[in-house]
Amino acid sequence: SPAQKLVFNRVNGKRPPLLLQQISAPEECYTLAHEENVRFVYEAWQQVEQQLDGIRSGESACGPVQYVEKTPNPGLKDFVPIDLEDWWAQQFLAKIEN
């Protein structure tokens, strides 16, 4: 015997409203103020990098001062800064492998 067909009856003969749902994470909305803040920080950092490059190449004697601690904290003697790019790469590869 042939397989039975599923039949869905409409309520009151009306089509159900279409719901557009995103399966993935919703997109972030950035306000104008947020974009302005990001642009300000980016441009200010670009200036600092240019000035540091100028000092390194001997073009300028004045500019930003790089802080170097004269008496290091003994509790931080074994401190190793984390390389975020490497950490994210390891996380990504671990997800792929699993």
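The values are calculated or read from the model by the stated rules, or taken from the named source; none is laboratory data. Every value quoted in this text rests on a predicted model; they were computed, and no experiment measured them. Glycine gets a Cβ as well: all are built from the backbone with ideal geometry, and neighbour counts include every protein chain shown. Side chains are part of the model used for accessible areas, which takes the heavy atoms of the whole protein and leaves out ligands, DNA and RNA. Shrake-Rupley method; radii C 1.70, N 1.55, O 1.52, S 1.80 Å.
Odds and ends about this structure:
- Extension gain for ALA44 to SER57 (0.36 nm times residue separation, less C-alpha to C-alpha distance): 2.7 nm.
- Between CYS29 and ASN73, the distance separating the two model label sites (each 7 Å from Cα on the Cα→Cβ line) works out to 4.1 nm.
- At most 13 other Cβ within 10 Å, DSSP loop - trypsin sites (Lys or Arg not before Pro), the stretch 48-98: LYS70, LYS77
- Shape of the stretch 48-98, Cα gyration tensor, a/c cut at 1.5: oblate
- Carbon/sulfur fraction of accessible area - the stretch 29-85, other protein chains in place, 1.4 Å, %: 58 percent
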